Amino acid sequence: MGKDKIRINEEFYDIMPPEYRELVESGTYGKEGRGWKDMGSSKELIEEHSLCAGCPESMAFRYILASLPAPEDTVMVGSTGCTSLVFPHVAVHNIHSLFGNQNAIATGLKRALMVRFPNKVKDVVVLAGDGATVDIGLDMTLQSWFRGEKFTTICFDNELYANTGGQESGLMQKGFVAKMAPVGKKFDKVRLPEIARESGCQYVVNMTASQPGKVEKVIRNAVYIARELGPTYVQIYTPCILEIGKQSMEGLQEMRDSEKPTERFAYKEYITDEAKAYLADLDAKRKAKATAQLAAK
Ligand SMILES: Cc1ncc(C[n+]2csc(CCOP(=O)(O)OP(=O)(O)O)c2C)c(N)n1
Ligand code: SF4
Ligand SMILES: [Mg+2]
């Protein structure tokens, strides 16, 4: 597997776009233990995007794509919003769903992949904004968790509808005033991580995208657990710098400020005992394999 899937027929090598050749030569498809540290020395699965300059969503996207355990066997499902501007530039199979329908689409897709490829691992990862996940798509999000569907849901939480100019979202903070929500939010930020835990998710994390190593660990855990046990949910603060009046280089500091222990994006993790045991087992197998490889040298 791995790079075999994107190998270029020698006859056509010269006429392939340089970006594609670069992907074949130095992309990380099939690389065991791929991660954010490959960035800079390999062809990334996303390079250009059409988000605002400095938008933290672009950082989060890069870290997530660098961390997928098997991008060549992964299908991502997106939804309308700023995130959907990025998917056309991503070198991972992806589907654009009708706004809010992403977890219903992912359910059908995952089930179809399990039937079509019974002996292969195929990961499905949803990546959508807070409006898509929590407001218009909440029914689809929750129903997929209740049913125990085996895929990961990632929410890029920028606490409003950014793509349509700043309307109120369920994940917006109480009292926040946005360009198209001038009265101020009247109720508290919806506690979706807690709802995810109560709805049957095996692994739930609330975080920012300020630290690539942390994002990598969480995304890997989430994908591995979803493969074997059931739904996983990751909520990542990716502030809309345009809406909160920050400059393009201020997004990182905004995430750091918002993840302090008393803040709303302080790192929070929930994992079932079953999922914990599964990760420990995976880790033990990985270590045993590394030791055997070392001994064989
Ligand atoms: C069915 C449907 N309803 C409404 C819209 C309009 N719409 C497009 S993007 C969007 C908000 C997206 O907000 P969010 O999911 O938070 O993503 P963000 O842009 O903030 O990243 C809305 C309401 C649409 N395209 N389709
Ligand atoms: S509008 Fe906000 S969330 Fe959308 S790309 Fe610009 S900064 Fe990012
Ligand atoms: Mg949003």
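Computed quantities for the displayed model
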item: Cα shape, region 5-62, gyration tensor, a/c 1.5 rule; result: oblate
item: Shape call, region 45-182: gyration tensor on alpha carbons, a/c limit 1.5; result: oblate
item: Using alpha-carbon coordinates, inclination of helix 102-116 to the longest axis of the chain, degrees; result: 20 degrees
item: Hydrodynamic radius of region 40-117 per Kirkwood, over alpha carbon pairs, in Å; result: 13.5 Å
item: Spin-label pair S41/T164, simplified geometry with 7 Å Cα→Cβ offset, distance in nm; result: 4.5 nm
item: Cross-link reach list, lysines versus K120, counting only Cα pairs under 22 Å and skipping chain neighbours closer than eight places; result: K3, K5, K31, K110, K150, K285, K289
item: Spatially proximal aspartates and glutamates relative to K186 (Cα-Cα < 16 Å; intrachain offsets below 8 disregarded); result: D135, E159, E168
item: Residues of type aspartates and glutamates that K43 reaches as a straight line, Cα spacing below 13 Å, ignoring anything fewer than 8 places off in the same chain; result: E19, E22, E25
item: Loop-exposed chymotrypsin sites (Phe, Trp or Tyr not before Pro) per DSSP, neighbour cap 15 Cβ within 10 angstrom, longest uninterrupted part of the chain; result: 1-186
item: Share, in percent, of DSSP beta bridges within region 34-296 that are antiparallel, nearest 5; result: 20 percent
item: Backbone HN-Hα couplings from phi across region 280-297 [Karplus 6.51/-1.76/1.60, Hz, Gly and Pro as x]; result: 5, 5, 4, 5, 5, 5, 4, 5, 4, 5, 5, 5, 5, 5, 5, 5, 6, 6
item: Nitroxide proxy distance, nm - points 7 Å out along Cα→Cβ at M114 and K285; result: 1.8 nm
item: Global form of region 188-297, assessed from the alpha-carbon gyration tensor, a/c cut-off 1.5; result: oblate
item: Distant-in-sequence amide H partners of I95 (H built 1.01 Å from N, under 5 Å); result: M76, V77, G78
item: Rounded to 10°, Cα long-axis angle of helix 56-67 versus longest principal axis of the chain; result: 30 degrees
item: Normalised per residue, the volume of the convex hull around the Cα set of region 34-296 (Å³); result: 134 Å³
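Bear in mind these aren't lab numbers, they're just calculated from the coordinates by the rules spelled out. For clarity, every value in this text was computed on a predicted model and none was experimentally measured. All Cβ positions, even for glycine, are placed from backbone atoms using ideal geometry, and neighbour counts span all protein chains on display.
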